[in-house]
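The values are calculated or read from the model by the stated rules, or taken from the named source; none is laboratory data. Predicted model, so just to flag it, every value in this text is computed and none were measured. As a convention, Cβ positions derive from the backbone with ideal geometry for all residues, glycine included, and neighbour counts pool all protein chains shown. Areas reflect the complete protein model, heavy atoms only, side chains present, ligands, DNA and RNA absent. Shrake-Rupley method; radii C 1.70, N 1.55, O 1.52, S 1.80 Å.
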Amino acid sequence: MNKSLSALTLGLLLAFATTSAQAKDEGFYMGASLGSATIEQDGADPDLGDFDFDENDFAWKIFGGYQFSGLLAIEGGYVDLGSPSDSGTKIDPYGLDLFAVAGIPLGPVRVFGKLGGIYWDSDIDIGDTSSSDDGFDAAGGVGLEFELGSFALRGEVEYLDVLDGTWMYTIGATITF
């Protein structure tokens, strides 16, 4: 009895794993997400002087990619990190990102992680003085997708090495073609 129960459990797990691995549609996909970005900037700027900044604002992104299998994808997009301001200081960053995405399908839910980079540009205004900064830096994130065929709902947390550090929290949707 115990052996047959173990065999049944193993069979169900294998059936679930086989179904799960096929959960994500392969091919090109596009998506959009809305949320919030928290931007940190500390230190001295030759044009602006000393200042500390840690604020958040509405953020959004559009992205697209190619899903090679249920496990691997490549993804790139445009990110607008808002225009947070505090006490006369305003920062306006945006960027273009590129990620390798690895996911583990668990039925209709897929857990994923992403690692890549972001080319970013930011304008910083303090009173009547302004400065601009840009760079290419590391980026990464984790998220969950709830998949319904070629349509998916997605929630993500991303760290972007923009300025002295930026966290982006979003929810969005994708469609695979």
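Condition test on residue 79, is it in a strand (DSSP E or B) and β-branched (Val, Ile, Thr)?
Details: in a strand (DSSP E or B): yes; β-branched (Val, Ile, Thr): yes.
So residue 79 fits the description; yes.
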Starting from segment 98-117, keep only residues that are over 23 Å from residue 160 (Cβ atoms), then list their pairs with residues that are among the basic types (Lys, Arg) and open to solvent by 10 Å² or more (accessible area, probe 1.4 Å) whose Cβ atoms are within a distance under 7 Å, requiring at least 6 positions of separation or different chains.
105/24
State yes or no: is residue 115 over 15 Å from residue 79 (Cα atoms), in contact with a Phe, Trp or Tyr (Cβ under 7 Å, 6 or more places away or on another chain) and part of a strand (DSSP E or B)?
yes
Six or more apart or on different chains, Cβ under 9 Å: which pairs go from a residue in segment 62-81 that's open to solvent by 80 Å² or more (accessible area, probe 1.4 Å) to one that's of a type in the set (Phe, Trp, Tyr) and assigned to a strand (DSSP E or B)? Could you list them?
62/78
Subset tally (residues that are open to solvent by 60 Å² or more (accessible area, probe 1.4 Å), within 9 Å of the chain's Cα centre (by Cα) and free of Cβ contacts under 8 Å to residues at least 60 places away in the same chain) for segment 120-170:
2
